[in-house]
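Student: Please find one structure pasted underneath; my questions will follow.
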2 protein chains.
Amino acid sequence: MRAVSFTKMQGLGNDFLVIDGPIDLDPEEVRSLCDRRFGVGGDGILAVTRADPIRMDYWNADGSRAEMCGNGLRCVAKYAYDRGWAPDRNFAIRTPVGERGVRVLEDGVEVEIGRPIVVGQTTIGDERYHLIDVGNPHAVVLVDDPSRVDVGSIGPRVEKDPQFPRGTNVEFATVNDGGVTMRVWERGVGETTACGTGMVAAAFLATKTHELEGVIPVHVPGGHGEVGLRDGVAWLRGPVEYSFRGSVGER
Amino acid sequence: MRAVSFTKMQGLGNDFLVIDGPIDLDPEEVRSLCDRRFGVGGDGILAVTRADPIRMDYWNADGSRAEMCGNGLRCVAKYAYDRGWAPDRNFAIRTPVGERGVRVLEDGVEVEIGRPIVVGQTTIGDERYHLIDVGNPHAVVLVDDPSRVDVGSIGPRVEKDPQFPRGTNVEFATVNDGGVTMRVWERGVGETTACGTGMVAAAFLATKTHELEGVIPVHVPGGHGEVGLRDGVAWLRGPVEYSFRGSVGER
């Protein structure tokens, strides 16, 4: 394997190898690096390219390219800001689905995710899934208690349902006065501690089904974030941390 | 967290942070470092101290100290040899359960694990477990097909059975002409891709139940190793690889 230096970061436990771009990675290389026992381990790889605006490229752990990754975008924002690549705390990052505004706060990072759209509903098994597009596809099901859902068996079934030829992310959410509590099955990854666009999808659904508004707390296994809407554009806010620095392929 | 530099290594997918000793780690620090999403991630931490003989200390991912770790010992042997700390390819490493001879080969590492002893048998649920001491405790059950065992639910039940006040490692093994094929539930860790002492325990059992002898191939989810006996002392041989180098707590 060629030598690669990286920074490992996580946002709500959603963890990434962050690499200076531009870099082209082939799927096998991505899978090797993201393997948690034989490689470095991570939900995916983020390449950050210093440009105007700063560019983010993203690969899932399975080697596939993804359109968007909300918590990944938050990591990229902090990484670029801390490296001195950004003009100030508010700047724009170019992603494969367009430019997104980001804001690096003292205690976290807030990013624009995009305009959520309710695409429709569908029934799989006995459950009603709300289909929400946040730049990438989500199927959100409202449940009594996400901690009691067998995410490991339902998630992959819904992800690969024939009606989703490109697959879908799947969220299991409950809504109450404290906001949204959820678990997520990420397309191409499996169950993760968090998924930024999934948090937006579930919170956006809650604005429709439960009339939540303003700043919506969203609780995921990896911690707590907040979601809101500004002129129809969803933003996601939460903590981002450095885990470690490293390099592969060197001795 | 204090700054720590480490080398990540794996033997048969059993993965470790390897740190230069002497170092004292508290359980919380070990748990943080071994967390696969919020930390570096690993089955445990190995501290290697340059001394005569070279010393190995080991912590499980849950922060507990462990008596022995066969694949960990194999990683330590390669690490010490590659750093030039060993006089030649054959040397001794001091572990918490005594000195062990190691041999660094061109394509892997062979280590002495110790004298396996059959301690007894016991029944848990409907299954008969062979209790084997390899410096640490093992409960080996012979099954038709390890790939079809629900290791995630049976493993922790056996590990924490009241008759094992210190807990036990659990192996699910099948024996045929090709050797031993097995999966393992490691005490304090969970299911892993391999466990050196567990491979010895299962192979040693096969010398009793199936009269296997000589060099016994042992297949685990993380790859293939070999186990043998020399004057009653078991040795374990297999591949060892560097995954990456890194550091935490630095910016």
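The values are calculated or read from the model by the stated rules, or taken from the named source; none is laboratory data. None of the values given here were measured: they were computed from a predicted structure. As a convention, Cβ positions derive from the backbone with ideal geometry for all residues, glycine included, and neighbour counts pool all protein chains shown. These area figures cover heavy atoms from the full protein model, side chains too; ligands, DNA and RNA do not enter into them. Shrake-Rupley method; radii C 1.70, N 1.55, O 1.52, S 1.80 Å.
Student: Tally the residues that are open to solvent by 20 Å² or more (accessible area, probe 1.4 Å) and touching a Leu at 6+ places or on another chain (Cβ under 9 Å), restricting the search to region A:230-251.
Tutor: 2
Student: Moving on to the next point. Checking the condition hydrophobic (A, V, I, L, M, F, W, C), touching a Gly at 6+ places or on another chain (Cβ under 8 Å) and surrounded by fewer than 24 Cβ atoms within 10 Å (Cβ to Cβ), which residue from B:Val97, B:Val48 passes?
Tutor: Values: B:Val48 fails: surrounded by fewer than 24 Cβ atoms within 10 Å (Cβ to Cβ).
Only one candidate qualifies: B:Val97.
Student: Just for region A:21-44: of the residues that are buried (at least 20 other Cβ atoms within 10 Å of the Cβ) and of a type in the set (Gly, Ala, Ser), which one is farthest from the other protein chains (Cβ to nearest Cβ)?
Tutor: Applying the filter and picking the extreme gives A:Gly44.
Student: B:Glu186: open to solvent by 40 Å² or more (accessible area, probe 1.4 Å), in contact (Cβ under 8 Å) with a residue 40 or more places away in the chain and in contact with a helix residue (DSSP H, G or I) (Cβ under 8 Å, 6 or more places away or on another chain), yes or no?
Tutor: When the stated conditions are applied, B:Glu186 does not pass them.
Student: Return only the number of the condition from (1) open to solvent by less than 40 Å² (accessible area, probe 1.4 Å); (2) not in a strand (DSSP E or B) that B:Val227 does not satisfy.
Tutor: If we test B:Val227 against (1) open to solvent by less than 40 Å² (accessible area, probe 1.4 Å); (2) not in a strand (DSSP E or B), just (2) comes out false.
Student: Determine whether B:Thr193 is of a type in the set (S, T, N, Q), in contact (Cβ under 8 Å) with a residue 24 or more places away in the chain and touching a Phe, Trp or Tyr at 6+ places or on another chain (Cβ under 9 Å).
Tutor: In short, yes.
Student: Continuing with this model, one more query. Which condition number does B:Asp82 fail, the rest of (1) within 14 Å of chain A (Cβ to nearest Cβ); (2) open to solvent by less than 50 Å² (accessible area, probe 1.4 Å) being met?
Tutor: Evaluating B:Asp82 over (1) within 14 Å of chain A (Cβ to nearest Cβ); (2) open to solvent by less than 50 Å² (accessible area, probe 1.4 Å) leaves (2) as the failure.
Student: Scan the strands (runs of 3 or more DSSP E) fully inside region B:159-224 and keep the ones with 2 or more residues being at pLDDT below 95.
Tutor: Of the strands (runs of 3 or more DSSP E) lying wholly inside region B:159-224, those with at least 2 residues that are at pLDDT below 95 span B:190-192.
Student: On to the next question. Any idea which residue in region B:212-224 is nearest to B:Glu110 (Cα to Cα), counting only those that are surrounded by fewer than 22 Cβ atoms within 10 Å (Cβ to Cβ) and within 14 Å of chain A (Cβ to nearest Cβ)?
Tutor: B:Gly223
Student: Additional query: Any chance region B:200-208 includes a residue that's among the polar types (S, T, N, Q), crowded, with 17+ Cβ neighbours inside 10 Å and outside the structural domain of B:Arg36 (by TED's automatic domain parsing)?
Tutor: Residues of region B:200-208 among the polar types (S, T, N, Q): B:207.
Applying the additional criterion that residues be crowded, with 17+ Cβ neighbours inside 10 Å yields B:207.
Of the ones still in play, those that are also outside the structural domain of B:Arg36 (by TED's automatic domain parsing) are B:207.
Looking through region B:200-208, at least one residue is among the polar types (S, T, N, Q), crowded, with 17+ Cβ neighbours inside 10 Å and outside the structural domain of B:Arg36 (by TED's automatic domain parsing).
Student: Against the definition (open to solvent by 10 Å² or more (accessible area, probe 1.4 Å) and touching a Pro at 6+ places or on another chain (Cβ under 9 Å)), how does A:Arg166 come out, yes or no?
Tutor: Taking the combined requirement at face value, the residue satisfies it.
Student: For region A:202-209, state whether one or more residues are within 14 Å of chain B (Cβ to nearest Cβ), of a type in the set (A, V, I, L, M, F, W, C) and in contact (Cβ under 8 Å) with a residue 60 or more places away in the chain.
Tutor: no
Student: Kindly establish whether B:Val141 is under 18 Å from B:Met56 (Cβ atoms) and either part of a strand (DSSP E or B) or at pLDDT 95 or above (or both).
Tutor: No, not satisfied.
Student: Going by the structure shown, is B:Thr192 under 25 Å from B:Pro27 (Cβ atoms), more than 14 Å from every other protein chain (Cβ to nearest Cβ), open to solvent by less than 10 Å² (accessible area, probe 1.4 Å) and among the polar types (S, T, N, Q)?
Tutor: So B:Thr192 fails the test.
Student: Select from region A:1-20 the residues that are open to solvent by less than 20 Å² (accessible area, probe 1.4 Å) and among the small types (Gly, Ala, Ser) and write down the one among them that is farthest from the chain's Cα centre (by Cα). Break it down stepwise before answering.
Tutor: From region A:1-20, those open to solvent by less than 20 Å² (accessible area, probe 1.4 Å) are A:4, A:6-19; that's our starting set.
Right, trim to among the small types (Gly, Ala, Ser) and you get A:11, A:13.
On the way: A:Gly11: 9, A:Gly13: 10 Å.
Among those that are open to solvent by less than 20 Å² (accessible area, probe 1.4 Å) and among the small types (Gly, Ala, Ser), it is A:Gly13.
Student: Being more than 24 Å from B:Gly11 (Cβ to Cβ) and in contact (Cβ under 8 Å) with a residue 12 or more places away in the chain is the filter; apply it to region B:124-140 and report the residue that is most open to solvent (accessible area, probe 1.4 Å). Break it down into steps so the answer makes sense when it comes.
Tutor: Filtering region B:124-140 for residues more than 24 Å from B:Gly11 (Cβ to Cβ) gives B:124-131.
Now restrict to residues that are in contact (Cβ under 8 Å) with a residue 12 or more places away in the chain: B:124-125, B:127-131.
Details: B:Ile124: 28, B:Gly125: 68, B:Glu127: 84, B:Arg128: 114, B:Tyr129: 5, B:His130: 30, B:Leu131: 29 Å².
Per the stated criteria, the residue is B:Arg128.
Student: Is there a residue being under 30 Å from B:Tyr81 (Cβ atoms) and among the β-branched types (Val, Ile, Thr) anywhere in region B:136-144?
Tutor: no
Student: If A:Pro87 satisfies every condition in (1) at pLDDT 95 or above; (2) not assigned by TED's automatic domain parsing to the domain that holds A:Gly223 but one, which is the exception?
Tutor: (1)
Student: A further question on this structure: Kindly evaluate A:Pro87 against the criterion of being open to solvent by 20 Å² or more (accessible area, probe 1.4 Å) and within 30 Å of B:Asn14 (Cα to Cα).
Tutor: When the stated conditions are applied, A:Pro87 does not pass them.
Student: Okay, next question. Six or more apart or on different chains, Cβ atoms under 8 Å: show the pairs whose first residue is in region B:111-123 and over 23 Å from B:Met56 (Cα atoms) and of a type in the set (A, V, I, L, M, F, W, C) and whose second is modelled with pLDDT of 95 or more and surrounded by fewer than 14 Cβ atoms within 10 Å (Cβ to Cβ).
Tutor: The qualifying pairs are B:Val118/B:Lys208.
Student: Of the residues B:Pro239, B:Pro146, which single one is farther than 28 Å from B:Phe38 by Cβ, within 14 Å of chain A (Cβ to nearest Cβ) and touching a strand residue (DSSP E or B) at 6+ places or on another chain (Cβ under 6 Å)?
Tutor: Going through B:Pro239, B:Pro146 in turn, the sole match is B:Pro239.
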